[in-house]
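K.L.:
Provided herewith is a single structure, encoded as structure tokens, for subsequent inquiry.
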Amino acid sequence: MEEKKKILYSGIQPSGSFTIGNYFGAIKNWVNLQDDYDCYFCVVDLHALTVPQVPKDLRKNSFESFITLLAAGIDPEKSTLYFQSHVSAHAELAWLLNCYSYMGELGRMTQFKDKSKKQGENIRVGLYSYPVLMAADILLYQSDLVPVGEDQKQHLELTRDIASRFNNLYSPTFKIPEPYIGKKGARIMSLQEPEKKMSKSDENINAFVTLQDPRDVIIKKFKRAITDSDTQVRFDRKEKPGVSNLMEIYSCATGKDFKDIEKEFEGKGYGDFKTAVGEAVADTLAPIQKRFAELKEDKAYIKEIVENSTAKTNRAANRTLGKVKRKVGLFEV
Ligand code: ATP
Ligand code: LTN
């Protein structure tokens, strides 16, 4: 009999166009995991609402995020790709788990501390309980593994705490998920402030390259990337963060290692190097952009994928939700 594959779960916020940081750091790895795991990938639109959104932009970003994932290689025949808001069990389980989560533990989350600073006096309750919704996402599918970046490790730890607390209070209900540690995960930094991670919500559009940027824009953004006053292409995150970041990006786009890159640009200036990085990234993104343009017009195909995945995820999620409702004592007829 074929061995049952482990369940792998991850989500991404439709809070803007995906950057090459999202691509090299997360999406590209997801594509490679599809054969080995039973994968669920979720466009977490409810999470995006924890910070202010313009409705028409959120709608557009959600649709485009979904088709970008398809264009980048998420295969609906292998993986389950869906929208969080299409499965009401996420919001329901999040409420129930809110009743088993503590103010102290949520207040300690670094992402909450950082993001709440930007919301002034009226900090949204949703931003505060964001990690509980994330716990619900993961636990609904009895997920074994969650690939997450450094910034999300704390949220996964909290998910494990909440799940164990619930299991101990009642009886085993949730699988306790493990972080998925892949090979070396790329961490792409801002092109303008290489000490900061590249982020799709950065105010400075020159700080990031999105998967939608046209070739000439990509090349221009790399030409403007911050480097240093030296001229040598050498990997040294501490002394040369800008150049090292460009080397990391070039390595992700071409598969070359740092030693080869240093050799390739020996005796050449930063100008040539930046042009090469821009061209390599544009070449990597070209097929994704082509597929994106085709998918954007194929509304019937997208509708079919969404309908299939929504039916499947609702079934799986309601199974767990039903168990939770019974265990906590909600009345049923
Ligand atoms: P936002 O700017 O809205 O906070 P973001 O661009 O930081 O978003 P997320 O939606 O929080 O991205 O992250 C989605 C996934 O992409 C996560 O797995 C995260 O670890 C990964 N990721 C995000 N930015 C980078 C980056 N610069 N380098 C590598 N991986 C990244
Ligand atoms: N918080 C994550 C997105 C996210 C997620 C999830 C990731 C929401 N639910 C479940 C893994 C599993 C982020 O901002 N990157």
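Bear in mind these aren't lab numbers, they're just calculated from the coordinates by the rules spelled out. Every value quoted in this text rests on a predicted model; they were computed, and no experiment measured them. Reconstructed Cβ throughout: ideal geometry from the backbone, glycine too, with neighbour counts over all protein chains shown.
K.L.:
I'd like to check something: does the stretch 131-140 contain any residue that is small (G, A, S) and surrounded by fewer than 17 Cβ atoms within 10 Å (Cβ to Cβ)?
P.N.:
No, the stretch 131-140 contains no residue that is small (G, A, S) and surrounded by fewer than 17 Cβ atoms within 10 Å (Cβ to Cβ).
K.L.:
Looking only at the stretch 311-329, decide whether some residue is assigned to a helix (DSSP H, G or I) and within 26 Å of S17 (Cβ to Cβ).
P.N.:
Yes; the residues of the stretch 311-329 include at least one that is assigned to a helix (DSSP H, G or I) and within 26 Å of S17 (Cβ to Cβ).
K.L.:
I would also like to ask the following. In the stretch 7-43, what count of residues is obtained for those that are part of a loop (DSSP other than H, G, I, E, B) and more than 8 Å from ligand 1 (Cβ to nearest atom)?
P.N.:
Count: 6.
K.L.:
Further question on the same structure: How many of the residues making up the stretch 126-158 are closer than 19 Å to L49 by Cα and small (G, A, S)?
P.N.:
4
K.L.:
Return a yes/no flag: does the stretch 44-59 have any residue that is among the polar types (S, T, N, Q), in contact with a helix residue (DSSP H, G or I) (Cβ under 9 Å, 6 or more places away or on another chain) and not in a loop (DSSP other than H, G, I, E, B).
P.N.:
Within the stretch 44-59 (the criterion being among the polar types (S, T, N, Q), in contact with a helix residue (DSSP H, G or I) (Cβ under 9 Å, 6 or more places away or on another chain) and not in a loop (DSSP other than H, G, I, E, B)), the answer is no, since none of the residues qualifies.
K.L.:
Quick check: anything in the stretch 164-173 within 16 Å of ligand 2 (Cβ to nearest atom) and assigned to a helix (DSSP H, G or I)?
P.N.:
Scanning the stretch 164-173 turns up no residue that is within 16 Å of ligand 2 (Cβ to nearest atom) and assigned to a helix (DSSP H, G or I).
K.L.:
List, please: which pairs have Cβ atoms under 7 Å, are six or more places apart or on different chains, and start with a residue in the stretch 117-134 that is more than 17 Å from S101 (Cβ to Cβ) and end with one that is away from ligand 1 (no atom under 15 Å from the Cβ) and among the polar types (S, T, N, Q)?
P.N.:
none
K.L.:
Inside the stretch 161-201, can you point out the residues that are more than 16 Å from ligand 1 (Cβ to nearest atom), of a type in the set (K, R) and over 20 Å from A316 (Cα atoms)?
P.N.:
Of everything in the stretch 161-201, just one residue is more than 16 Å from ligand 1 (Cβ to nearest atom), of a type in the set (K, R) and over 20 Å from A316 (Cα atoms), namely R165.
K.L.:
Then there is this: Looking at the stretch 317-333, which of its residues are among the aliphatic types (A, V, I, L, M) and touching a helix residue (DSSP H, G or I) at 6+ places or on another chain (Cβ under 7 Å)?
P.N.:
A317, L321, V324, V328, listed by residue number.
K.L.:
Next question, about the same structure. Among the residues of the stretch 157-212, write down those that are under 18 Å from Y9 (Cα atoms), over 18 Å from the mean Cα position of the chain (by Cα) and of a type in the set (S, T, Y).
P.N.:
Hit for the stretch 157-212 is T173, nothing else.
One line per residue, one yes/no per condition, for (1) of a type in the set (K, R); (2) within 26 Å of P194 (Cβ to Cβ):
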| site | (1), (2) |
| --- | --- |
| P241 | no, yes |
| Y250 | no, yes |
| D260 | no, yes |
| K263 | yes, yes |
| A282 | no, yes |
| K290 | yes, no |
| E297 | no, no |
| T310 | no, no |
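K.L.:
For the stretch 116-129, indicate whether the set of residues that are within 18 Å of the chain's Cα centre (by Cα) and surrounded by 15 or more Cβ atoms within 10 Å (Cβ to Cβ) is non-empty.
P.N.:
The answer is yes; a qualifying residue exists.
K.L.:
Under the condition of being under 15 Å from the mean Cα position of the chain (by Cα) and among the aliphatic types (A, V, I, L, M), which residue from the stretch 136-156 is nearest to ligand 1 (Cβ to nearest atom)?
P.N.:
Looking at the filtered set, the residue picked out is V148.
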